[in-house]
1. Per q in 0.25 Å⁻¹, report the Debye log10 I(q)/I(0) for segment 96-151, using one uniform scatterer on each alpha carbon and no solvent.
2. Distance cut-off 27 Å, Cα to Cα: go down the list LYS53/LYS137; LYS48/LYS171; LYS12/LYS48; LYS12/LYS106 and report the pairs above it.
3. What ³J(HN,Hα) values, in whole Hz, does the Karplus curve 6.51 cos²θ - 1.76 cosθ + 1.60 give for segment 28-41 when θ = phi - 60°, with x put for Gly and Pro?
4. Considering only protein heavy atoms, what is the solvent-accessible area of LYS147 at a probe of 1.4 Å, reported in Å² to the nearest 10?
5. Leaving out ligands, DNA and RNA, what percent of the accessible area of the chain is carbon and sulfur, probe 1.4 Å?
6. Which semi-axis lengths, in whole Å and largest first, follow from the square roots of five times the eigenvalues of the Cα gyration tensor of segment 53-190?
7. What residue among LEU166, LEU127, LEU43 has the largest mean-square fluctuation in a Gaussian network model of the chain, using Cα springs under 10 Å?
8. Among GLU13, GLU103, GLU69, which one shows the biggest mean-square fluctuation in a GNM of the chain, springs joining Cα atoms closer than 10 Å?
Amino acid sequence: QRESKELLAAGKEPHPCVLDDILPADKIESVVDMGLIEIPAHLIVGTKIAGRKTAFTANFRPLLGVDTEFAHKWVNLCAAHLEEGIRDPVLCFEYLGKFYVQEGNKRVSVLRHFDAPRITGNVRRVLPARSEEPRTKAYYEFLDFYKVSRLYTVQFRRPGDYARLLSYMGKNSDEIWTEDERRNFGAYFH
């Protein structure tokens with residue numbers, strides 16, 4: 001409740017954003033099934049539809065009262081996580097490098113409560129229509145970067161930044177990264 005009030009007082013949205021509200025329907029190129037991936041928890045910023053929006057703060061903290069069915073399920077999920085871990089992947093949509101939960105909002109909430117760095121999810125990538133807008137161009141460059149690195153760690157918003165990063169690293173744009181290279185990059189980045 002405190003987080004929600006603080007966000008409201010700062011003039012910010014107190015709930016997770018909703019992909020269906022921000023997605024320009026006439027500017028979508030396609031939706032691609034990415035399969036099962038490890039999603040950086042901090043990149044999960046919203047929900048796919050508005051249905052569960054008011055049950056959480058923007059950081060997926062539960063908002064509903066302690067005597068609700070929702071609260072009881074949330075507490076039971078916490079206990080299950082502590083005993084055996086949450087194994088079921090969530091279902092998310094990725095759009096411009098951010099993730100929106102369609103199924104598994106409580107799992108995201110519980111895992112973020114316990115500071116999980118990554119959350120396993122089945123992901124569908126929503127591709128915006130190509131345009132000259134810098135953010136869209138940079139996103140398509142990210143897609144090429146992701147093909148070789150399999151990393152969401154770096155999210156540039158200006159065209160050309162991924163090419164510059166690869167040149168600093170002495171790597172070609174089509175050179176597939178090894179697992180060690182991914183780990184080393186992540187360690188140095190953080």
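The values are calculated or read from the model by the stated rules, or taken from the named source; none is laboratory data. All of these numbers come straight from a predicted model, not from anything done at the bench. SASA here: full protein model, heavy atoms, side chains in, ligands and nucleic acids out. Shrake-Rupley method; radii C 1.70, N 1.55, O 1.52, S 1.80 Å.
1. For segment 96-151, the Cα-only Debye profile gives -1.03.
2. LYS53/LYS137; LYS48/LYS171
3. Karplus values, whole Hz, x for Gly and Pro: 9, 7, 5, 10, 10, 6, 8, x, 8, 9, 8, 8, x, 4.
4. The accessible area of LYS147 comes to roughly 140 Å².
5. With neighbouring chains kept in place, the figure for the chain is 50 percent.
6. Listed largest to smallest, the semi-axes of segment 53-190 are 35, 18, 12 Å.
7. In the Gaussian network model the winner is LEU166.
8. GLU69
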